[in-house]
1. Exactly one of (1) surrounded by 15 or more Cβ atoms within 10 Å (Cβ to Cβ); (2) free of Cβ contacts under 8 Å to residues at least 60 places away in the same chain; (3) β-branched (Val, Ile, Thr); (4) more than 21 Å from residue 25 (Cβ to Cβ) is unmet by residue 136. Its number?
2. Check residue 22 against each of (1) modelled with pLDDT of 95 or more; (2) of a type in the set (A, V, I, L, M); (3) in contact with a Leu (Cβ under 9 Å, 6 or more places away or on another chain) and name the one condition it does not meet.
3. When you scan segment 14-38, how many residues do you find that are buried (at least 16 other Cβ atoms within 10 Å of the Cβ) and of a type outside the set (Val, Ile, Thr)?
4. Taking the condition of being without any contact (Cβ under 8 Å) to a residue 24 or more places away in the chain, among the hydroxyl-bearing types (Ser, Thr, Tyr) and assigned to a loop (DSSP other than H, G, I, E, B), how many residues in segment 80-133 meet it?
5. Going by the structure shown, is residue 64 more than 18 Å from residue 122 (Cα to Cα) and touching a helix residue (DSSP H, G or I) at 6+ places or on another chain (Cβ under 9 Å)?
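The values are calculated or read from the model by the stated rules, or taken from the named source; none is laboratory data. The structure presented is a predicted model; accordingly, all values stated were derived computationally and were not measured. Quick reminder, even Gly has a Cβ in these numbers, built from the backbone with ideal geometry, and neighbours come from all protein chains shown.
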Amino acid sequence: MRYRHATPNDCPLLAQLNHQLIRDEGHRNPMTVPELEGRMRGWLGTDYQAIIFEEDGAVVAYALYRNDGAEIYLRQFFVVRHRRREGIGRRAMQILLNDIWPQNRRRLVEALWSNSRAIQFWKAAGFREYCLTLEILPRKSNEKSARF
């Protein structure tokens, strides 16, 4: 597997992949591909970096992360749909953990609670639970508020 650092020219591709990621993980983000491209350009223009993984000349995965000096925050990690269950995610994570990211930094990733396959993957990669975020969504006008 080969990898390279993404450039602003990769933002249209990364936006397409990010759109698939959002749908596949069941996220509520309603952004369109052009909106995601703008957001990606903003991230790559600041302190985020993206790595694109390729095999046989084709993109098979990407990772978007931020290194703030104290920790690495992996914001997005995605393997293209038709190449899943081939070990690509595992190999890409090994490259990130062993070759790209400094060993002396804490590494963080978030996963949606309902995305059990992602949670299993992250645990297999060595990540452990740290916190749990809970929410109450805004209620509709005809709903009563919760009571204890």
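1. Condition not satisfied by residue 136: (1).
2. Every listed condition holds for residue 22 apart from (1).
3. Of all residues in segment 14-38, those buried (at least 16 other Cβ atoms within 10 Å of the Cβ) come to 14-15, 17-19, 21-22, 25, 36-37.
If we keep only those that are of a type outside the set (Val, Ile, Thr) too, we end up with 14-15, 17-19, 21, 25, 36-37.
Qualifying residue count, segment 14-38: 9.
4. Within segment 80-133, residues that are without any contact (Cβ under 8 Å) to a residue 24 or more places away in the chain, among the hydroxyl-bearing types (Ser, Thr, Tyr) and assigned to a loop (DSSP other than H, G, I, E, B) number 2.
5. Numbers: more than 18 Å from residue 122 (Cα to Cα): no; touching a helix residue (DSSP H, G or I) at 6+ places or on another chain (Cβ under 9 Å): yes.
Taking the combined requirement at face value, the residue does not satisfy it.
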